[in-house]
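Engineer: Quick one: structure below, then a few questions.
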Amino acid sequence: MTTTKTTTKTAAPDKAKPAPKDAIALLKADHESVSQLFAEYENTRSVPNKKALVAEICTALSVHAQIEEEIFCPAVRAALKDKLLVSEATVEHAGVKDLIAQLKGVEPDGEMYDAKVKVLSEYVKHHVKEEQTEMFPKAKATSVDMIALGARMAARKDELLAQAA
């Protein structure tokens, strides 16, 4: 006699999605991630590792700058009385983008390459400091819905990273 075993499949519980990050938390997480990548770069001597790290840094910074410029900055500019703050961030992004263009697809060839990565790191540190000490506190004090803004930014970031892959 054969017995058939019936199993009832219970629906797997939905994996809890992390709570949506507000726009500023998302940007700060990007800042921390890129900072760690620059630290890894400083501690490696391997040319293939340097090339891979720079590619990752360039992609992360490009995507970060784009979501800031497309979504975060226009919302903050509209809510703030301080128009210079957002304009300054845009100018800083231009400097970062110029260095990214000089590094993308180039072989790590010694001192000039390392110097460009170092200057890029310094630009980014300066930009991050200004954002976190000046822009973010002012942005938090506005009526902008940072959770909704963060959701839009996260969706756009995912889209841009998928395109880059």
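The values are calculated or read from the model by the stated rules, or taken from the named source; none is laboratory data. For clarity, every value in this text was computed on a predicted model and none was experimentally measured. Here the Cβ is made from the backbone with ideal geometry for all residues, glycine too, and neighbour counts use every protein chain on show.
Engineer: (1) at pLDDT below 95; (2) part of a helix (DSSP H, G or I): which one isn't true of K81, the others all being true?
Structural biologist: (2)
Engineer: Looking at E92, E159, which one is over 19 Å from L37 (Cα atoms), in contact with a Phe, Trp or Tyr (Cβ under 9 Å, 6 or more places away or on another chain) and of a type outside the set (A, V, I, L, M)? Show your work before the answer.
Structural biologist: Working: E159 fails: in contact with a Phe, Trp or Tyr (Cβ under 9 Å, 6 or more places away or on another chain).
Checking each option against the conditions leaves just E92.
Engineer: Which numbered condition trips up E131, out of (1) crowded, with 17+ Cβ neighbours inside 10 Å; (2) more than 20 Å from A23 (Cα to Cα); (3) not hydrophobic (A, V, I, L, M, F, W, C)?
Structural biologist: It is condition (2) that E131 fails.
Engineer: Let me ask something additional. I'd like the residue in the stretch 99-128 that is farther than 27 Å from I71 by Cβ and charged (D, E, K, R) and, out of all such residues, is surrounded by the fewest Cβ atoms within 10 Å (Cβ to Cβ).
Structural biologist: Filtering first and then ranking leaves E111.
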